[in-house]
1. Among (1) surrounded by 20 or more Cβ atoms within 10 Å (Cβ to Cβ); (2) at positive phi; (3) in a loop (DSSP other than H, G, I, E, B), which single condition is I120 missing?
2. Would segment 311-319 turn up any residue that is open to solvent by less than 30 Å² (accessible area, probe 1.4 Å) and small (G, A, S)?
3. Of the residues I362, I386, only one is crowded, with 18+ Cβ neighbours inside 10 Å and over 23 Å from L309 (Cα atoms); which?
4. Between Q257, Q306, which is within 26 Å of F5 (Cβ to Cβ) and open to solvent by 50 Å² or more (accessible area, probe 1.4 Å)?
5. Could you please find all residues in segment 232-262 being farther than 18 Å from C292 by Cβ and either of a type outside the set (G, A, S) or without any contact (Cβ under 8 Å) to a residue 12 or more places away in the chain (or both)?
6. Across segment 276-320, what is the total count of residues that are over 22 Å from I98 (Cβ atoms) and not small (G, A, S)?
7. Go through segment 302-358 and give me each residue that's more than 29 Å from V170 (Cα to Cα) and among the hydrophobic types (A, V, I, L, M, F, W, C).
Amino acid sequence: DGRLFWSHGVDCVCAWNATTPVTDREAYFAELPQAGSPFERFYGSASWAPHGFYKGKPSYRTFNFTAANLQRKYGEESSRAFADQAHRRLRSWGMNTIANWSDASIFEMRRTPYTQTVSIHQAPSLEGSEGYWGKFYDVFDPAFREGVRRGMEGHRGKSAGDPWCLGYFVDNELSWGGQELDLAKWTVASPAGQKAKQAFLDDLKAKYGTVDKLNAAWGTSHASWEAWLESRAVPESDGAKGDLGDFSTRMAETYFQVCREEVKRVAPDNLYLGCRFAEVNDRAVRAAAKFCDVVSFNFYTENVVQEKLPEGVDKPMLVGEFHFGALDRGMFHTGLRGAANQQERAWKYKNYVEGALRHPNIVGTHWFQYGDQATTGRGDGENYQIGFLDVCDTPYPEIVKASREVGEEIYSLRK
C-alpha cells in the first residue's frame with residue numbers, strides 16, 4: 001500500500017519460556033508443587049530433546065515456572081492479564097511485531113502485527129544429510145509437498161488472509177551444508193530408494209546418455225546406472241563439480257518453490273518469509289531469493305553492517321533471531337552472544353538494530369526472545385539470560401530503555 005513498515009519485534013511472546021524438564025532432576029529444585037497444589041496444573045510433558053540429557057528419552061515431565069509465577073502475580077486471570085500486558089508492553093517499548101513462536105491467543109487479539117511459522121509434517125529425510133537440528137528433506141518425494149501442505153492448512157481461516165499477519169516462515173535453521181555442493185553430495189551418499197537420488201540419476205542420464213560417459217567426466221568406474229544408484233561413494237573430482245552444483249541448485253530451488261506454492265495456495269496475500277537461515281551458502285541464498293518475498297536469516301553476530309547477499313541479488317532481508325545475554329543478575333549462560341552486564345547488553349541491542357536500520361536490504365529485526373529461559377534449561381538444555389523479562393515477569397529496564405530509544409528513531413533512520 002506504499003506505507004513504510006520496518007518490523008521491530010521479539011520472538012516467543014508466550015508464557016512458556018521457562019518450561020523446564022524435571023524428570024530425574026527433582027532434587028535440583030528447592031520446591032516443586034505437590035499433588036493438590038493450585039500450581040499442579042503447570043506440570044506437563046514433552047519429548048523434544050535433540051541434544052543434552054534428555055536426548056533419546058521417549059518423554060519427560062516438565063514444569064512451567066513462568067506460568068506459575070504469572071498466576072502468583074496476576075491471579076486466576078493470569079493468561080488474560082499477561083496477553084493484554086504483552087501488547088501494551090510492546091507498544092511502550094517501541095516494538096511493532098509479535099514474531100516467531102509466539103502464543104496464538106496473544107497475537108490473535110489482533111492488536112499488534114505478527115508473523116507465523118509453518119511446521120512441515122512428517123516429511124521424508126535425505127538420509128545422507130546431517131545437521132545440528134536434524135537432516136535435510138527429500139524435496140523430490142511427493143510426501144514433502146504433502147507435509148508442507150498439511151502444515152499450511154492449519155492456518156486456513158486463522159492467520160491466512162489476516163491483515164495483521166505479515167507472513168510465514170517455513171522451517172528454521174535447516175542444514176544447507178557448509179559448502180555449496182553439499183546438498184548433491186548428501187544425495188549421492190543416500191540409499192538407492194531415495195527419491196532425490198533417483199531424480200539426480202535422471203538428470204545424469206539425460207546429460208550423459210551412458211554411464212561410460214559419466215565415468216569419463218567424473219573419473220569414476222560405475223559398471224552401470226544401477227551401480228551408480230546403489231553406490232554411496234561421494235565423488236570429489238573436479239569433473240563432478242559442475243553436476244553436483246547443478247543438482248544442489250535444483251534441490252534448493254525445489255525446496256523454496258514447493259514452500260512458496262503451498263504458502264500462497266492458502267494465504268496469497270501474506271508474505272513468504274523464507275526459512276530463517278543460520279549456516280548457509282550462497283547457492284541456497286540465491287535459490288531463496290528466487291522464490292521468497294523476504295529472505296530471513298538468524299544472525300547471531302555483534303552487528304549486521306557487514307552482512308551481504310550474493311553478488312547480483314537484491315532482495316529484502318529479515319533478521320529472525322539475534323540476542324545478547326549478561327550474567328550480572330542471577331543466570332548462568334549468556335546465550336550465543338554475551339555482554340559484560342545489563343547496560344552493555346542494552347547498548348549492544350541498540351547498536352545492532354541501528355545497524356540493521358542503515359542496511360539497505362534489511363526490513364526488520366526480531367529479538368530472541370521475550371522472556372528468560374529456565375535456569376535449569378529447556379528440553380535441549382538451553383538456559384539463556386536473553387529475555388526482555390525475567391522468569392518472574394519483571395522487565396530488564398536497561399534493554400527496555402534501549403528498545404524505546406531505537407523504536408522512536410526507526411523512521412528517521414530508515415527513510
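1. (2)
2. The answer is no, given that none of the residues of segment 311-319 is open to solvent by less than 30 Å² (accessible area, probe 1.4 Å) and small (G, A, S).
3. Details: I362 fails: over 23 Å from L309 (Cα atoms).
Residue meeting the stated conditions: I386.
4. On the way: Q257 fails: within 26 Å of F5 (Cβ to Cβ).
Sole residue among the options that is within 26 Å of F5 (Cβ to Cβ) and open to solvent by 50 Å² or more (accessible area, probe 1.4 Å): Q306.
5. Within segment 232-262, R232, V234, P235, E236, D238, K241, G242, D243, L244, D246, F247 qualify.
6. Residues in segment 276-320 being over 22 Å from I98 (Cβ atoms) and not small (G, A, S): 22 in total.
7. A326, L327, M331, F332, A339, A340, A346, W347
Residues checked against (1) open to solvent by less than 60 Å² (accessible area, probe 1.4 Å); (2) more than 26 Å from the chain's Cα centre (by Cα):
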{"position": "W164", "(1), (2)": "no, no"}
{"position": "W176", "(1), (2)": "yes, no"}
{"position": "D182", "(1), (2)": "yes, no"}
{"position": "T187", "(1), (2)": "yes, no"}
{"position": "G209", "(1), (2)": "yes, yes"}
{"position": "N215", "(1), (2)": "yes, yes"}
{"position": "T220", "(1), (2)": "yes, yes"}
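The values are calculated or read from the model by the stated rules, or taken from the named source; none is laboratory data. Computed from a predicted model, the values in this text were never measured in an experiment. When we count neighbours, we look across all protein chains shown, and the Cβ atoms used for this are built from the backbone with ideal geometry, even at glycine. Each accessible area value is taken on the protein alone, full model and side chains, heavy atoms only, with ligands, DNA and RNA left out. Shrake-Rupley method; radii C 1.70, N 1.55, O 1.52, S 1.80 Å.
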